[in-house]
Amino acid sequence: MNDTPGWASPGSAPSGAKEPDTSGTPGPADRDSGTPGPADQDGANPPEQPSKWSKEQPPPGQWSAPGAQAPAQTPPTAAPGAGWGARPPAGPAGPGGPGGGHGRWSGPGPGGPAGWGGNWGHQPAAARPGVIPLRPLGVGEILDGAVSTMRSYWRTVLGISLTVAVVTQIAVILLQGLVLNDNADTSALDDPSATVGELARAMGSTLLSSGLVLLVTLLGTIVATALLTSVTSRAVIGKPVTTGEAWQDARPQLAKLFGLTLLLPLIALAIMAVGAMPGLLAVAAGSHDGGIALAILGAFAAGFVALWLMIRFSLASPALMLEKQGIVKSMRRSTKLVRGSWWRVFGIQLLATVIANIVASIIVIPFAVLAAALSGDGFAGFLDSSGGDLGWTFLIVSGIGSVIGSMITFPITAGVTVLLYIDRRIRREALDLDLARAAGLQDYGTEASGTTPGS
């Protein structure tokens, strides 16, 4: 890894390399499971040492150890799997105190080693050069890290979010006010006597309008995600970054990020189309009711498969930006990082999305109501779904609310994804060692770092 958080090489497990060998060679403990690695386990068949005793020994019972020397004692061995907070087994009284058996060790508390604080299982504090501690993260720490990045580097974060949101919303307002309002004709959707052709044209117009707005919004989201990924990765090691530096770092990967962002929804749609295909074929064959039911059931089942794949690919964006990977390699990288922790990644992503949408709704809904009140049609026109023409007043006022909401949602969603990616690499690849070196912590890693229980 470089000294900057670009992470062109994937740290201790480069892209395309084999998984670390755990067949018996010493290695770090698996931080996901909390079990020690092979190097930490006892009873691992140590190599046989050559004997130093003479082959000619006195008969049994006719010799003894040297005069004043006490019989040799076998030092007690720690139980396999002992980790932080494991108390060494008691031994006979010795120089270290009654029942100690380990020299001057006297357990936690006032007489124990400094820094234990008197509590069993207390973990040593991890280094924290930036917005997160350099160890496996809990759910709250991931969310707090995203908010801390926005709070600590608010000029850069809010500047990027505001600029992208304003440009995106201006494009959406102009598109809706000048193009879509003139071409949109959705009155046939509310007309019971409309023909199939009229319904098809109305649905096509609606899909076109929604697709164009979604495309513009998607472009803004891609740019904001790319820039905020760079900011968050620097914030982890406590190094600020300007908007210009973030742009220079993200610009070479924008085209690939755009391709990745378009590819993932297309994969999901293709999977759902395949699931609905048997039902559509049944409809074409003349089984109308049964075919529609089969198509809905197939699309619903395929939706779970698509969701499973989308979560497996959910860390491809930070892998593409921070490791300078291609589209396919970043998807493979995400699959490797998510493996074995699908539900945790899904839960954290879902929680972040719900929080961001709730915050955005608190801001956007009052502006939408105000926009409806200030527009010529009032609330009646706002609630009338057949009215496809949205006035400029409504578009501008509601656009202001969308800009403010995007300023908050962009940093939260992008920050959580980046920190979740970093957490997975810390757990699987000991990325915290590379991050500590990038932050200038020279002595980091000489002692075992703690883990987060229940994370």
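The values are calculated or read from the model by the stated rules, or taken from the named source; none is laboratory data. These numbers were taken from a predicted model, which means no experiment stands behind them. As a convention, Cβ positions derive from the backbone with ideal geometry for all residues, glycine included, and neighbour counts pool all protein chains shown.
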inquiry  = Quick test of your reading of the structure: Gly220 fulfils all but one of (1) outside any helix (DSSP H, G or I); (2) at pLDDT below 90; (3) not aromatic (Phe, Trp, Tyr). Name the failing condition by number.
reply    = (1)
inquiry  = Restricting to the range 321-339, and then to whatever is of a type outside the set (Ser, Thr, Tyr) and surrounded by 21 or more Cβ atoms within 10 Å (Cβ to Cβ), can you tell me which residue is modelled with the lowest pLDDT?
reply    = Gln325
note = Expected single match for out of contact with any Leu (no Cβ under 6 Å at 6 or more places or on another chain), polar (S, T, N, Q) and farther than 16 Å from Ala356 by Cα among Ser406, Ser402, Ser398 is Ser398
note = Counting only residues that are small (Gly, Ala, Ser), touching a residue at least 60 places away in the same chain (Cβ under 8 Å) and part of a helix (DSSP H, G or I), the range 336-373 contains a total of 2
inquiry  = Restricting to the range 150-209, and then to whatever is of a type in the set (Lys, Arg) and at pLDDT 85 or above, can you tell me which residue is farthest from Gly391 (Cα to Cα)?
reply    = Arg151
task = Give the range 230-244 a look and list any residue that's buried (at least 16 other Cβ atoms within 10 Å of the Cβ) and out of contact with any Gly (no Cβ under 9 Å at 6 or more places or on another chain), or say none.
result = Val241
